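Since the structure comes first, as structure tokens, the remarks are kept for the end.
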Amino acid sequence: MGADKFKSLDNNLVSEIPNNHNSKKSINKTLKRAYIESYGCQMNFADSEVVASILIKDGYSITKKLDEASLILVNTCSIREKAENTVRKRLEYFESIKEKNSKITVGVMGCMAERLKKKFLEEEKIVDLVVGPDAYKDIPRLLQEVENENEAVNVLLSKDETYGDISPIRLNSNGISAFVSITRGCDNMCTFCVVPFTRGRERSRDPKSILNEIEDLKYKGYKEVTLLGQNVDSYLWYGGGLKKDFKKATSIQRKTALRFHNLLSIVAEAFPKIRIRFSTSNPQDMSIKVIKIMAKYENICNYIHLPVQSGSNRILKKMNRKHTIKEYFQLIDSIREILPECGISHDMIAGFPTETIQDHQDTLKLMDYVKYDFGFMFAYSERPGTMAAKKINDNIDEKIKKKRLNEIIKKQQKHSLYRTKQYLGKIVCVLIEKVSKRSEYFWSGRTQQNTVVVFPKENYKPGDFVDVKIKSCTSATLIGKAIKISNRI
Ligand code: SF4
């Protein structure tokens, strides 16, 4: 899963979520107000919604106003150095706020908290509390420790925690689409990635709790859910526990085990009027069964985010990505054959250690083969504690990394325009999500292929599925005119 895609959104949208758990605490409501700021990947944003629910149960209300907060929680990302620097800058800013009100508690959670652990308290004096991605249920006790002026750190990784028993409070939602996490952790050990160290081993969530959460979202009028995990394709439910322990499962557990394609069809069948998306896939774990299930159900969106990271077999090996370029092309070919209209996006790293000009050319050649709809592209950033940091010298000059990254971005822009131009004159089904950034007279929404479409508002409203005729486009956006409410989704 790539990060940085989503900067801090949550506090713009949330009105104060009152705590009505018990009357005595509500008297202190004004004192217990939490302000949550999230960085990084969708998983972090989904986790912040779980934390909001835990805090409300503990007598807090969630506020979007920093100056009202008695608790500031930052959900941190560690995927690149830049992400960590962003968090440190924010903590500097919070320091100025704490100088004015020393009663404020500042806590850090997420991957950087897990990576640094207790060291975070030493490096950032303003921080009172450090909690890792698997220990959020312990936040109320940690807050008590802060109040008692004791050290408040819990970075234990879990073998079975999935927060399946927590109903998330939707923080950064438009009331139309929501994230539903289905797995936690990752076993893949890509050499550049910190996630296996900060989020632990893979475990899957009970399908019943996933269905309950979507049922609740449907009841609240949501029209789209994204099934979320670092690596959704390796979803495996056999009654709970780590994926790696499946080999110890009983024969009954094996027979009744649910894999990702099973879960996908169960969700699609149960909620025919809701759009289903999923993220993130890993080419080495994705099965043709998933692609066939996507073709079977109209409500499973015709879109796959399929990170590849490099077009060179030699570099893929050094990244410990367990597939070849030939296998990746075969997967792309199967997608194109079974789902001809499928939108495909990628993650790409430029300048991985030892990358030669030829390796870089192989990456550009791969992009020419796939012609992705869009992608998330970054220069390699060495992460402390990863296999690459331990074993491979980061020997590509920053200038070269930048130059290669720009070439990749330029090529992607060309391909994105090639893809959006395919829609000119066509009618697409769009789910309206919000007002367009371009104009307050325009709605913005997405196609099943995850392409953004903007069009004049007329009498339509957010949550409507609308047929839109595409008139023009940029490399990132389709511009059109609404025709009617769609009978598709
Ligand atoms: S699949 Fe690789 S890149 Fe993705 S979270 Fe797992 S280790 Fe990181």
Residue by residue through segment 357-395, note down the ones that are part of a helix (DSSP H, G or I) and of a type in the set (V, I, T). I357, T363, V370
Based on what the data block shows, is I79 touching a Leu at 6+ places or on another chain (Cβ under 7 Å), open to solvent by less than 70 Å² (accessible area, probe 1.4 Å) and at pLDDT below 95? no
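Results for (1) outside the structural domain of L258 (by TED's automatic domain parsing); (2) within 16 Å of the ligand (Cβ to nearest atom), shown as yes or no for each residue.
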| position | (1), (2) |
| --- | --- |
| D160 | yes, no |
| R170 | yes, no |
| S181 | no, yes |
| R184 | no, yes |
| P196 | no, yes |
| I214 | no, no |
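For segment 97-107, check the following and say yes or no: at least one residue is within 30 Å of G463 (Cα to Cα), at pLDDT 95 or above and hydroxyl-bearing (S, T, Y).
Residues of segment 97-107 that are within 30 Å of G463 (Cα to Cα), as a first pass: none.
The answer is no; no qualifying residue exists.
Any chance segment 335-352 includes a residue that's within 16 Å of the ligand (Cβ to nearest atom), assigned by TED's automatic domain parsing to the domain that holds G375, touching a residue at least 60 places away in the same chain (Cβ under 8 Å) and surrounded by fewer than 19 Cβ atoms within 10 Å (Cβ to Cβ)? Before you say what the answer is, go through the steps one by one.
So the first thing to find is which residues in segment 335-352 are within 16 Å of the ligand (Cβ to nearest atom), and the list is 345-350, 352.
If we keep only those that are assigned by TED's automatic domain parsing to the domain that holds G375 as well, we get 345-350, 352.
Filter once more, keeping what is touching a residue at least 60 places away in the same chain (Cβ under 8 Å): 345, 347-349, 352.
Now narrow it down to the ones that are surrounded by fewer than 19 Cβ atoms within 10 Å (Cβ to Cβ): 347.
Within segment 335-352, one or more residues are within 16 Å of the ligand (Cβ to nearest atom), assigned by TED's automatic domain parsing to the domain that holds G375, touching a residue at least 60 places away in the same chain (Cβ under 8 Å) and surrounded by fewer than 19 Cβ atoms within 10 Å (Cβ to Cβ).
Can you pull out every residue in segment 467-481 that is open to solvent by 60 Å² or more (accessible area, probe 1.4 Å) and hydrophobic (A, V, I, L, M, F, W, C)? Steps first, answer last, please.
Filtering segment 467-481 down to residues open to solvent by 60 Å² or more (accessible area, probe 1.4 Å) leaves 469, 471, 476, 481.
Listed by number, the list holds a single entry, A476.
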Is it the case that some residue within segment 125-144 is more than 16 Å from the ligand (Cβ to nearest atom), farther than 20 Å from L264 by Cα, part of a loop (DSSP other than H, G, I, E, B) and at pLDDT below 95? yes
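The values are calculated or read from the model by the stated rules, or taken from the named source; none is laboratory data. Owing to the predicted nature of the structure, the values given are computational and were not obtained by experimental measurement. So basically every Cβ, Gly included, is an ideal-geometry build from the backbone, and we count neighbours across all protein chains shown. Calculation scope for accessible area: heavy atoms of the full protein, side chains included, ligands and nucleic acids excluded. Shrake-Rupley method; radii C 1.70, N 1.55, O 1.52, S 1.80 Å.
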